[in-house]
Amino acid sequence: KKLGCSFDAADLMQDTFSRVLQKDDLSNIKEPRAYLTTIAHGLMVNHVRRRDIEAAYLDEIANLPQAEAPSPETINIMIETLTKIDEMLDGLPSKIRNAFLWFQLEGLSHAQIAERLSVSVSSVRQYIAKALLHCINMSS
């Protein structure tokens, strides 16, 4: 019901049970229904986030001239990449995430970011370093 699509719900249900079946020891689960609900909720959140990322990306490329439009394979690769970046940055505090994104995507200088965040340039350097370390740790 929350997904608005019975096919997506069926896929998430299958993924939920696949996760349960991959678990080595099920004997220590005290509340099976709550355990299933927790897994399903996490998968649903990830699904909705991916869907939102996909919609935003498709909106951005919709206005490109036909000659510049990416192939379906490239679109899938980009959506996967954007989803992974979103997952990596998800656990960061907003100031660190914003500083990193402004630096990487918008090319803002440390001084410009410091002004936007009302912090020192030194703090911006620390934020960007923390974000990079976080991404490195998440990818390994």
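The values are calculated or read from the model by the stated rules, or taken from the named source; none is laboratory data. The shown structure was predicted, so the numbers you read here are calculated from the model rather than taken from an experiment. No Cβ is skipped: glycine too gets one built from the backbone with ideal geometry, and neighbour counts run over all protein chains shown. SASA here: full protein model, heavy atoms, side chains in, ligands and nucleic acids out. Shrake-Rupley method; radii C 1.70, N 1.55, O 1.52, S 1.80 Å.
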Of everything in region 37-50, what is surrounded by 15 or more Cβ atoms within 10 Å (Cβ to Cβ) and over 10 Å from T83 (Cβ atoms)? Give them in sequence order. I39, A40, L43, M44, H47
Limited to region 107-125, what total is found for residues that are under 23 Å from the mean Cα position of the chain (by Cα) and either in contact (Cβ under 8 Å) with a residue 40 or more places away in the chain or loosely packed, with under 14 Cβ neighbours inside 10 Å (or both)? 1
Might you check whether a residue that is part of a helix (DSSP H, G or I) and touching a Leu at 6+ places or on another chain (Cβ under 7 Å) occurs anywhere in region 49-60? yes
Quick check: anything in region 55-76 touching an Asp or Glu at 6+ places or on another chain (Cβ under 9 Å) and free of Cβ contacts under 8 Å to residues at least 24 places away in the same chain? yes
Here is a list: I85, I61, I96. Which entry is out of contact with any His (no Cβ under 9 Å at 6 or more places or on another chain), of a type in the set (V, I, T) and within 24 Å of N137 (Cβ to Cβ)? I85
Residue that is more than 24 Å from N76 (Cα to Cα) and modelled with pLDDT of 90 or more, where the choices are I53, I39: I39
Give me the residue from region 1-36 that is more than 22 Å from K84 (Cα to Cα) and among the β-branched types (V, I, T) and, out of that set, most open to solvent (accessible area, probe 1.4 Å). I29
Within region 64-106, take every residue that is more than 17 Å from R49 (Cα to Cα) and not in a helix (DSSP H, G or I) and give me the one that is most open to solvent (accessible area, probe 1.4 Å). E106
